[in-house]
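Undergrad: Quick one: this structure, given as structure tokens, is what I'll be asking you about.
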There are 2 protein chains.
Amino acid sequence: MGSAAPTLAELDASYIKVTRSTNLRDVPLPGSPEELSHSHCTDHMVTVRWTASNGWDTPEVKPFANLSIPPTASCLHYATECFEGMKVYRGQDGKLRLFRPDLNGERLDGSSKRASLPGFRFAELKHLIAKLMQIDGPRMNIPYRWLPKDQPGRFLYLRPTVIGNGTQLGVQTPKEALLFIIAVPWPDPSKKKQEEGAPHGLKLLASQPDTIRAWPGGFGYAKLGANYGPSLAAHGRAQALGFDQVLWLFGEDRKVTEAGASNFFIVWDNKETGKRELITAPLDSQLILPGVTRRSVLELARTHFAQPCGKLAPVEVVEREFTIGDIEEAWKEGRIVESFVSGTAFFITPVKLIRNGNVDIDLLTAGAERAGYAAQIKSWLEAIMYGKDGQENHKWGFVIEDEIEN
Amino acid sequence: MGSAAPTLAELDASYIKVTRSTNLRDVPLPGSPEELSHSHCTDHMVTVRWTASNGWDTPEVKPFANLSIPPTASCLHYATECFEGMKVYRGQDGKLRLFRPDLNGERLDGSSKRASLPGFRFAELKHLIAKLMQIDGPRMNIPYRWLPKDQPGRFLYLRPTVIGNGTQLGVQTPKEALLFIIAVPWPDPSKKKQEEGAPHGLKLLASQPDTIRAWPGGFGYAKLGANYGPSLAAHGRAQALGFDQVLWLFGEDRKVTEAGASNFFIVWDNKETGKRELITAPLDSQLILPGVTRRSVLELARTHFAQPCGKLAPVEVVEREFTIGDIEEAWKEGRIVESFVSGTAFFITPVKLIRNGNVDIDLLTAGAERAGYAAQIKSWLEAIMYGKDGQENHKWGFVIEDEIEN
């Protein structure tokens, strides 16, 4: 018998163990308080335990329930935690789809390592999610309750999360972790705004120099809990003033980075070149989250906006640093075409206004007559997500097959 | 019946509810694996629930147990969490003491607000801890098991913690929270090092410019979980290289900030003035944790080191920015007298060596013959903590009275 180190088990969704709930939960109605709570999960959840000595355990789908966490767990003290935001879409063709799930898997793997939590074979994540959706899907005499087949356009929000849940009060890298995945009915923010009759779009409050979200050499590029809690105070102050998100600026020149839970874009006419540009902050400074929707926006725009697209003039797509001063100048000079944010929660949402100190930069009025880029991108993305308009087999859509009962 | 907003209840330790454990836990022996786990808690814990609608509930002392936390809890996703590190000391006079507990209470109140968690009347914290220690103390036929009366010099580590435990997946300020306090037998790191026969002192690895702990406008001054998780990777790399802690530098000039879980001090002879100085990083840049031990070190040094103290020459106490380059220069010029860190976990521990890139700054050799300031300060602090050498009634010691059975 040798003394070789044991092989650590990889994350492997093919060995998943299923325990079905015998006590199904109520499905909240769209717009109900339960749905607006953002916290009413589906009947099941995925959990996978990891230990430093054995690696990843067998994944489980089991009834949704509270977690039993030791008061000494490192996730409660040292923020050893990270997550992903994803959605599962009920398509026009009746199929369930994820949108580029491997990009989320890869980012969660990276975030987990950045928080000293375990990495994993990221392509497994989509299979774990697929299993969860299959189990929360149809079974004998019970149709899909959470995303009915006959209700295309509905979606659930998915929250894959990794936490350090070992009993470990000493400051050290976690020796135990838990990957879990929950699914939540989520209100559609764009629908809500439209119903209220308000002009559709977000109001952003530019951050002040005394509050900084991220810093070079920090962790603003990873989806860590540590990026959120400390920024909630500024977010809460912005909301109390009637704003939707903080527009986070950085540095003495007040570079634009991201808008809270979303990436930020402007379409403007470049002052020097006269060219129309779609601009967003670059990734290389590691200050912003590399959004999956952001990346998709840039890829679609580079492909389709190089030439005239319907009534839309060509735009050059640039990832480059720009400042709030640049925005204000362009706005005063009438060079802003439109502005929007992208993200899983907000999808593609226009920006109506940015308040920077005493100046209200009214972007909807500025670009209202020329806008259309964001709407066009949104329409392309929706076609892929919901399997319609000829995009049923687009490579960015990952179809979740119905479970075969056995 | 008016519609006035309900008064939110304050945190009030006088109404504490006690549920005694009927299943007492084993007390780990000093040096045992259980003690070295830093996670084997005492028989009881304190919990206090808070809600945005009602404020603080009645505090409870109850048997130590895992927490039941919803998978959607904000502490698991958004790092809405903060904590304190404290100790309870068994004195030479048989009494239990806390050391300046109101400073910890005040800091936890501040950290909690910085994480968008609730504030509280900070002076209550020491009374909650006192109740926990009384319940884990003697009762009929059972002597103090965790800190025996006849074993002066023993201590427990205390971990007051506030987490956002409400079901709240939306990014917003927490509407529910839990304050809990646990007590843990903790190995005495200074004893361990001495037993190993190694020269007593820490080895610090200076951080590289691509990894920073905190930044201006951030939250490095608050004891948030978010300051720890993201720094564990660098800490783990330092430990793998045989170092105890990272010495965190900041900025292009590489200013010295703090040493992981402790504040950092140097005694040196100032190049310009020729005066001997005790120097540490200032608080006003908000990059470092305002340590209770740090503050006590500075106060004692200002009081006692202004004039010659025994064999020790006078030192001027300064809180001022200084760089790793300044340390290296002083070391090369033989101006370093000694260096040490302070903190609850490390107490007062000499620094043996700092590695900065290719340079090993050997501080123990540099200052070995002249050192003595840290040892003197440590001795004063110990007298207060353990109620000896005439310091039994020092105002910094908070005595926990034995519970009167009723």
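Undergrad: Counting DSSP beta bridges in the range A:202-386, what percent are antiparallel, to the nearest 5? All intermediate terms of the calculation are to be shown ahead of the outcome.
TA: Values: 26 of 37 bridges.
In the range A:202-386, approximately 70 percent of DSSP beta bridges are antiparallel ones.
Undergrad: Restricting attention to the range A:10-107, which GluC sites (Glu not before Pro) occupy a DSSP loop and are surrounded by at most 11 other Cβ atoms within 10 Å?
TA: A:10
Undergrad: How high is the FRET efficiency from residue B:309 to residue B:233, r the C-beta distance, R0 35 Å, rounded to 0.05?
TA: Details: r = 42 Å, r/R0 = 1.20.
Efficiency at R0 = 35 Å is approximately 0.25.
Undergrad: Could you tell me whether the range B:128-283 comes out rounded, prolate or oblate from its Cα gyration tensor? Rule is a ≥ b ≥ c as square roots of the eigenvalues, rounded for a/c under 1.5, then prolate if a/b exceeds b/c, otherwise oblate.
TA: It is oblate, given that a/c is not under 1.5 and a/b is not larger than b/c.
Undergrad: For the range B:12-58, run through the trypsin sites (Lys or Arg not before Pro) and keep only the ones in DSSP coil with at most 15 other Cβ atoms within 10 Å of their Cβ.
TA: Filter output for the range B:12-58: B:20.
Undergrad: Which distances, shortest first and in nm, link residue A:251 to the matching position in the other copies, using label points set 7 Å out along Cα to C-beta?
TA: Values, ascending and in nm: 1.9.
Undergrad: In addition: For n ≥ 4 DSSP H runs only, could you compute -39500 (n - 2.57) per run for chain B, divide by its residues and tell me the 222 nm figure to the nearest 500? Don't skip to the end; give the middle numbers.
TA: On the way: 10 runs with 90 residues, N = 406.
Theoretical 222 nm ellipticity from helices: -6500 deg cm²/dmol.
Undergrad: Can you put A:14, A:296 in order of Cβ neighbours within 10 angstrom, beginning with the fewest?
TA: So the residues, fewest neighbours to most, are A:14, A:296.
Undergrad: Would you mind classifying the protein assembly as shown by shape? Square roots of the alpha carbon gyration tensor eigenvalues, ordered a ≥ b ≥ c; an a/c under 1.5 is rounded, otherwise it is prolate if a/b is larger than b/c and oblate if not.
TA: Because a/c hits 1.5 or more and a/b exceeds b/c, the protein assembly as shown counts as prolate.
Undergrad: In chain A, which helices (entire DSSP H runs) extend 15 Å or more along their own long axis, judged by Cα positions, while averaging at least -0.5 on the Kyte-Doolittle scale?
TA: A:124-135, A:292-304, A:373-385
Undergrad: Which residue, A:29, A:132, A:278, has the most motion in a Gaussian network model of chain A that connects Cα atoms within less than 10 Å?
TA: A:29
Undergrad: Applying the Karplus parametrisation 6.51 cos²θ - 1.76 cosθ + 1.60 with θ = phi - 60° to the phi angles of the range B:175-185, what ³J(HN,Hα) value in whole Hz is obtained for each residue in order, glycine and proline being reported as x?
TA: After applying 6.51 cos²θ - 1.76 cosθ + 1.60, I find 9, 9, 8, 9, 9, 9, 10, 10, 10, 9, x Hz.
Undergrad: Give me a single rounded figure for A:206-216: the average over its residues of other chain Cβ atoms within 10 Å of their Cβ.
TA: Going residue by residue through A:206-216 and averaging, the value is 3.
Undergrad: Another one. Of A:131/A:223; A:332/A:352; A:87/A:149, which pairs sit farther than 19 Å apart, going by alpha carbon to alpha carbon?
TA: Result: A:131/A:223 exceed 19 Å.
Undergrad: Given springs between every Cα pair under 10 Å in a Gaussian network model of chain A, which of A:241, A:205, A:300 has the largest fluctuation?
TA: A:241
Undergrad: At what distance in angstrom do the alpha carbon centres of the range B:80-120 and the range A:64-105 lie from each other?
TA: The range B:80-120 and the range A:64-105 have Cα centres spaced 34 Å from each other.
Undergrad: Let me ask another. Taking the range B:291-400, which GluC sites (Glu not before Pro) meet the DSSP loop condition and have no more than 15 other C-beta atoms within 10 Å?
TA: Filter output for the range B:291-400: B:333, B:369.
Undergrad: So, one more: Let's test the formula: R0 of 51 Å, r as the Cβ-Cβ distance of residue A:208 and residue B:333. What FRET efficiency results, to the nearest 0.05? Please report the intermediate quantities before stating the final value.
TA: On the way: r = 43 Å, r/R0 = 0.84.
Here the calculated transfer efficiency is 0.75.
Undergrad: With a ≥ b ≥ c taken as the square roots of the eigenvalues of the C-alpha gyration tensor of the range A:266-342, please select rounded if a/c is under 1.5 and otherwise prolate if a/b is larger than b/c or oblate if it is not? Write down the numbers at each step before the final one.
TA: Details: a/c = 1.94, a/b = 1.07, b/c = 1.81.
Because a/c hits 1.5 or more and a/b fails to exceed b/c, the range A:266-342 counts as oblate.
Undergrad: Say the dipole of chain A comes from +1 at the beta carbon of Lys and Arg and -1 at that of Asp and Glu; which of A:78, A:222, A:161 then lies farthest toward its positive end?
TA: Farthest towards the positive pole: A:161.
Undergrad: Using each residue's phi in the range A:14-20, evaluate 6.51 cos²θ - 1.76 cosθ + 1.60 at θ = phi - 60° and report the 3J(HN,Hα) Karplus result to the nearest Hz, with x for Gly and Pro.
TA: Running phi through 6.51 cos²θ - 1.76 cosθ + 1.60 with θ = phi - 60° gives 6, 9, 5, 9, 10, 10, 7 Hz.
Undergrad: Using 0.36 nm per residue of separation minus the Cα-Cα distance, give me the extension gain between residue B:123 and residue B:34 in nm, one decimal.
TA: Working: separation 89, 0.36 × 89 = 32.04 nm, distance 3.22 nm.
Between residue B:123 and residue B:34, full extension yields an extra 28.8 nm.
Undergrad: Round to the nearest 0.05 the FRET efficiency obtained for residue A:7 and residue B:68 when R0 = 41 Å and r is the Cβ-Cβ distance. Don't jump to the answer; show the numbers that get you there.
TA: Values: r = 34 Å, r/R0 = 0.84.
Result of the calculation: an efficiency of 0.75.
No lab work stands behind these numbers, since they all come straight from the coordinates. Keep in mind that what you see is a predicted model, and the values were worked out from it rather than measured. Positions of Cβ are backbone-derived with ideal geometry, glycine not excepted, and every protein chain shown enters the neighbour counts.
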